[in-house]
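Here, each number is a calculation from the coordinates, and none is a lab measurement. Quick caveat, the model's predicted, so the values are computed rather than measured. Here Cβ is always computed from backbone atoms with ideal geometry, including for glycine, and neighbour counts include all displayed protein chains.
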Amino acid sequence: MGNEERWQLVLEPHDVLLFRDGRPFTAGEETRARSLFPPTPFTVQGAIRARVLFSSGVSPLDYASERPSPRAQELHRLIGRPGRDYGRLRLRGPLLVRREKGSWVRYFPLPADLVRVKDDRHDEGEAEKNEKEKDRERWELLRPLKPGELWIATNGEGLAPLWARTTRRLEEDQGWLSEEDFIAYLQGTPPRRVLTEETIVVREPRFGIALERGTRTARERHLYLAEFLRLQEGVGFWVEVEGIPPFGPERGSLQLGGEARAAHYRVLRPGLDGAQLMPPNPLPPRFKVVLLTPAWFGGGWQPPGGDWSRFFTGSVRLITAGVPRYQAIGGAYVDDRRRRGDFQKPMRRFVPAGSVYFFETEEEVRLRPEMRAFTETPPGEADFGQIGFGLFAVGTWDYA
């Protein structure tokens, strides 16, 4: 099997998982460690690279050495050098998957231009709805308002407001769409069902206490609360891998997330077909880009100066964007060189998954051939798009 083969993994937890949100945490100084869900590409690439390293027979000391052996140099070529690059490894994801009727079904983050139609017949004091009740709710697509139809101030100069022509109350929500519903959404059809977080994962806060390094006894006044995640039965994470040979054996275990928690992996053969999610080429006159994983831009929520030329051939005009609150993502460096000092990665603000960018063009426009991800990378960092940030899909839209 060649190194350029694409293959897919499903990761399923053995028990609870912990995906720290990246904020610096020291027991005694902070009292609560929170978890992100789903995990970011930083977490998944770390698990995959560690699995490749530990199964290669190359010692971590040799791998991190400034004078590596030939075997370690080959590993550098495949998965990169510690703290510097990712080698030939390329990832797409992670996305949620759920086993349904014996098959894996991918789930995508709820796009920001989908809002829930409030059912005024429900009691205002009703705080929670189960999954069956969610199935009966209606969802509405927000669309850019036609230029000149209504003047309204926005927080983006020259951008159109997102609008829905209804007298019903609309509410923002969070959740996931099945692949079937997501493909219909890209074509302009609201979904039939949205899965809520409680149908996917349960958050389990657990108390712990820091230990003295030498004696491994409890440290006084160092009690903390860690938020663990327990995925519901049949739920896991999907990722597509390229540039390295598939794992052998095809089923096994690896370490995933904080505290090196165990997870089962399986190589999918055949993999889940993503042909229906391939962007059209050329792009339609009105197209929207939907983020499936977080993205980073030098201008905050967009490239500096609103210059989209690195992503598209031809001229495009950003009509508007639906961008929820930013997601703060950090982490820690694991290479020995940086761990000797300040090993915390910079905390950066990412555009969250589910954000939607609406574009319009009057000429033939295509995605640039080298464009694999809808994201930029901060100076001095290895390519964010290479490990799964900025995974996107393209849909069509029209004015409200």
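Just want the ordering: 363, 12, from fewest to most Cβ atoms lying within 10 Å of their own Cβ. Before the final figure, lay out the partial values.
Numbers: 363 10, 12 17.
Listed from fewest to most nearby Cβ atoms, that is 363, 12.
Mind listing the phi-derived Karplus ³J(HN,Hα) values for the range 372-385, rounded to whole Hz, using 6.51, -1.76 and 1.60 with θ = phi - 60°, and x for any glycine or proline?
Once θ is set to phi - 60°, the couplings for the range 372-385 become 10, 8, 9, 7, 10, 10, x, x, x, 9, 6, 3, 5, x Hz.
Mind giving me the nanometre distance, one decimal, between the label points for residue 138 and residue 272, set 7 Å out from Cα along Cα→Cβ?
3.0 nm
Taking a spot 7 Å from the Cα of residue 203 along the direction of its beta carbon, which residues of the range 300-331 have an amide N less than 18 Å from it?
325-330
Suppose R0 equals 45 Å. What FRET efficiency, 1/(1 + (r/R0)^6) with r the Cβ-Cβ distance, do residue 101 and residue 259 give to the nearest 0.05? Mind showing how you got there, number by number?
Working: r = 34 Å, r/R0 = 0.75.
Calculated value: 0.85.
Extending each Cα 7 Å along its Cβ direction at residue 349 and residue 166, get the distance between those two points in nm, one decimal.
Here the modelled spin labels are 3.0 nm apart.
Round to the nearest 0.05 the FRET efficiency obtained for residue 366 and residue 230 when R0 = 35 Å and r is the Cβ-Cβ distance.
Working: r = 44 Å, r/R0 = 1.25.
Efficiency for this residue pair is about 0.20.
In nanometres, what is the gap between the two model label sites at residue 317 and residue 250, each 7 Å from Cα along Cα-to-Cβ?
Label at residue 317, label at residue 250, 5.2 nm between them.
If you rank 371, 278 by fewest surrounding Cβ atoms within 10 Å, what's the result? Could you put the intermediate results ahead of the total?
On the way: 371 16, 278 9.
Lowest count first: 278, 371.
Within 15 Å, Cβ to Cβ, of residue 262, how many net charges do the neighbouring residues add up to if Lys/Arg are +1 and Asp/Glu are -1? Could you put the intermediate results ahead of the total?
Numbers: positive: 51, 230, 251, 261, 266; negative: 12, 15, 259.
Every neighbour counted, the sum reads +2.
How compact is the range 275-396 by the rule of thumb for globular proteins, expressed as Cα Rg over 2.2 N^0.38 Å? Don't skip to the answer; put the middle values down first.
Values: Rg = 15.8 Å, N = 122, 2.2 N^0.38 = 13.7 Å.
My calculation over the Cα atoms of the range 275-396 gives 1.16.
Cut-off is 10 Å between beta-carbons; in what order do 283, 277, 110, 170 appear when sorted fewest neighbours first?
Values: 283 21, 277 17, 110 25, 170 14.
Fewest-to-most ranking of 283, 277, 110, 170: 170, 277, 283, 110.
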